[in-house]
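**Q** Take this structure, written in structure tokens, and hold onto it; I'll ask about it next.
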Amino acid sequence: MHPLYRFDQSAPVVADPAALTDEHIAAYHRDGFLAVEGVLTPAEVESAKAALADLLYFRVPDAERVVQPEPAIKDLWPSFSPDQKADATRKLFRFIEFEPRLKSLAVEHPAIQALLTRLLGGEAPVLIQDMALLKPPHIGTEKPWHQDMAYFTWGPPEKVIGVWIALDAATAENGCMHVLPGTHTEGARPHFHLRDCQLADAAVDVERDVLVPLAPGGALFFSSLLHHGTPPNQSPHRRWALQYHYRAASATPVTRDEHAALFFDGDLYAGCLGG
Ligand SMILES: O=C(O)CCC(=O)C(=O)O
């Protein structure tokens with residue numbers, strides 16, 4: 001157990017993208033998220049995993065610069081074998097320009113594009129960020145509670161949506177997503193550089209926490225203001241996931257001053273933008 005997460009209530013999950021109704025879209029706007037199984041086919045899951053493995057084993061030029069080790073083994077990383085590195089990677093970041101399979105999933109997948117367009121009120125989605133979060137067995141660290149809008153310079157926040165796609169089974173044990181339903185309606189909250197750039201632990205309403213376990217190919221669509229996080233992976237099972245973020249075509253750039261007007265703590269900037 002972990003004091004910042006509950007494990008006894010799970011989110012509703014739509015069984016199949018073909019079963020999506022207007023009520024599900026309304027639930028996204030009410031709760032700030034929508035979980036859907038079967039968004040990727042088993043073949044698409046395998047293709048995405050093969051693409052990630054090519055990056056992890058540096059079979060792609062430039063792959064070294066997109067791979068981020070788990071902090072716990074950072075000093076040992078240079079001495080690790082390729083297998084050890086693959087089992088100790090926290091994150092891969094900004095790979096779509098040289099990984100066509102992962103780019104195609106991000107920008108051409110019919111079910112993802114169709115659902116994003118519905119969630120954005122009919123507007124076309126534009127990709128703004130790509131990453132993979134691998135949460136390796138035993139050492140996969142927590143991603144503390146946060147709002148993704150704290151990292152983004154597009155707005156307004158309701159025009160920015162994340163899609164988190166399970167490639168392995170994401171479970172309570174290996175660090176699946178946790179969300180606080182409805183928090184996207186409560187505005188931007190200050191973020192602090194603590195274990196990561198995150199909400200203060202005391203500001204997290206843990207009582208409202210629901211788990212979002214997903215089978216491989218299942219996806220969570222979520223608002224950029226939704227409070228969400230993932231506990232550490234202390235299990236022997238890895239938890240690979242892709243995460244893409246999109247803005248509506250009509251979203252506009254947010255300056256640092258505008259970001260500071262959203263994320264502040266007294267007079268201090270309290271977002272996650274660098275610089
Ligand atoms: O997959 C994870 O562990 C956390 C993903 C997430 O919330 C993020 O990177 O913003």
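**Q** Being touching a strand residue (DSSP E or B) at 6+ places or on another chain (Cβ under 6 Å), among the β-branched types (Val, Ile, Thr) and not in a loop (DSSP other than H, G, I, E, B) is the filter here, so list the residues in the range 29-56 that pass it.
**A** Within the range 29-56, just VAL36 meets the criteria.
**Q** Next up: Looking at ALA26, ALA11, which is the one that is within 22 Å of HIS228 (Cα to Cα), at pLDDT 95 or above, in contact with a strand residue (DSSP E or B) (Cβ under 9 Å, 6 or more places away or on another chain) and small (Gly, Ala, Ser)? Working first, answer last.
**A** Details: ALA26 fails: in contact with a strand residue (DSSP E or B) (Cβ under 9 Å, 6 or more places away or on another chain).
That would be ALA11, the only listed residue that is within 22 Å of HIS228 (Cα to Cα), at pLDDT 95 or above, in contact with a strand residue (DSSP E or B) (Cβ under 9 Å, 6 or more places away or on another chain) and small (Gly, Ala, Ser).
**Q** Which one of these does ARG59 not meet: (1) outside any helix (DSSP H, G or I); (2) among the charged types (D, E, K, R); (3) within 16 Å of the ligand (Cβ to nearest atom)?
**A** Only one criterion in (1) outside any helix (DSSP H, G or I); (2) among the charged types (D, E, K, R); (3) within 16 Å of the ligand (Cβ to nearest atom) is unmet by ARG59, namely (3).
**Q** Right, another one. Does any residue in the range 95-106 that is aromatic (Phe, Trp, Tyr) come within less than 7 Å, Cβ to Cβ, of a residue that is part of a helix (DSSP H, G or I) six or more places away or on a different chain, and which pairs are these?
**A** Partner pairs satisfying both residue conditions: PHE95/LEU55; PHE95/VAL66; PHE95/LEU102.
**Q** Quick one: is GLY217 assigned to a strand (DSSP E or B), of a type outside the set (A, V, I, L, M), surrounded by fewer than 22 Cβ atoms within 10 Å (Cβ to Cβ) and in contact (Cβ under 8 Å) with a residue 24 or more places away in the chain?
**A** No, not satisfied.
**Q** Could you say which residue among ILE165, ILE128, ILE73 is in contact (Cβ under 8 Å) with a residue 40 or more places away in the chain, away from the ligand (no atom under 12 Å from the Cβ) and within 15 Å of the chain's Cα centre (by Cα)? Walk me through how you get there before you give the answer.
**A** Numbers: ILE165 fails: away from the ligand (no atom under 12 Å from the Cβ); ILE73 fails: within 15 Å of the chain's Cα centre (by Cα).
Of ILE165, ILE128, ILE73, the one residue that is in contact (Cβ under 8 Å) with a residue 40 or more places away in the chain, away from the ligand (no atom under 12 Å from the Cβ) and within 15 Å of the chain's Cα centre (by Cα) is ILE128.
**Q** Return the pairs, sorted by first residue and then second, in which the second residue is more than 16 Å from the ligand (Cβ to nearest atom), the first residue lies in the range 235-262 and is aromatic (Phe, Trp, Tyr), the beta carbons are less than 6 Å apart, and the residues are 6+ apart or on different chains.
**A** Pairs found: TYR246/LEU116; TYR246/PRO125.
**Q** Look at the range 173-201 and say how many of its residues are in a strand (DSSP E or B) and touching a Phe, Trp or Tyr at 6+ places or on another chain (Cβ under 7 Å).
**A** Applying the first criterion (in a strand (DSSP E or B)) to the range 173-201 yields 177-179, 191-193, 197-199.
Now narrow it down to the ones that are touching a Phe, Trp or Tyr at 6+ places or on another chain (Cβ under 7 Å): 177-179, 191, 198-199.
Counting residues in the range 173-201 that are in a strand (DSSP E or B) and touching a Phe, Trp or Tyr at 6+ places or on another chain (Cβ under 7 Å) gives 6.
**Q** Sticking with this one: Among the candidates LEU225, LEU242, LEU268, which residue alone is closer than 13 Å to HIS191 by Cβ, among the aliphatic types (A, V, I, L, M) and either within 12 Å of the ligand (Cβ to nearest atom) or buried (at least 21 other Cβ atoms within 10 Å of the Cβ) (or both)? Quick ask: steps written out before the conclusion?
**A** Numbers: LEU242 fails: closer than 13 Å to HIS191 by Cβ; LEU268 fails: either within 12 Å of the ligand (Cβ to nearest atom) or buried (at least 21 other Cβ atoms within 10 Å of the Cβ) (or both).
Being closer than 13 Å to HIS191 by Cβ, among the aliphatic types (A, V, I, L, M) and either within 12 Å of the ligand (Cβ to nearest atom) or buried (at least 21 other Cβ atoms within 10 Å of the Cβ) (or both) holds for just one of LEU225, LEU242, LEU268, which is LEU225.
**Q** Determine whether the range 44-55 contains at least one residue that is in contact with a helix residue (DSSP H, G or I) (Cβ under 7 Å, 6 or more places away or on another chain), within 16 Å of the ligand (Cβ to nearest atom) and without any contact (Cβ under 8 Å) to a residue 60 or more places away in the chain.
**A** For the range 44-55, residues in contact with a helix residue (DSSP H, G or I) (Cβ under 7 Å, 6 or more places away or on another chain), within 16 Å of the ligand (Cβ to nearest atom) and without any contact (Cβ under 8 Å) to a residue 60 or more places away in the chain: absent.
**Q** Quick one: what pairs do we get from the range 18-32, first residue at positive phi and crowded, with 17+ Cβ neighbours inside 10 Å, second assigned to a helix (DSSP H, G or I) and among the β-branched types (Val, Ile, Thr), C-beta under 9 Å, 6+ apart or different chains?
**A** GLY32/THR183; GLY32/THR185
**Q** While we're looking at this one, here's another question. Tell me, yes or no, whether the range 212-227 has at least one residue that is over 18 Å from GLY175 (Cα atoms), over 15 Å from the mean Cα position of the chain (by Cα) and modelled with pLDDT of 95 or more.
**A** Within the range 212-227 (the criterion being over 18 Å from GLY175 (Cα atoms), over 15 Å from the mean Cα position of the chain (by Cα) and modelled with pLDDT of 95 or more), the answer is no, since none of the residues qualifies.
The values are calculated or read from the model by the stated rules, or taken from the named source; none is laboratory data. As the structure is a computational prediction, the values presented were derived from the model and not from experiment. Please note: Cβ atoms are built from the backbone with ideal geometry, for glycine as well, and neighbour counts cover all protein chains shown.
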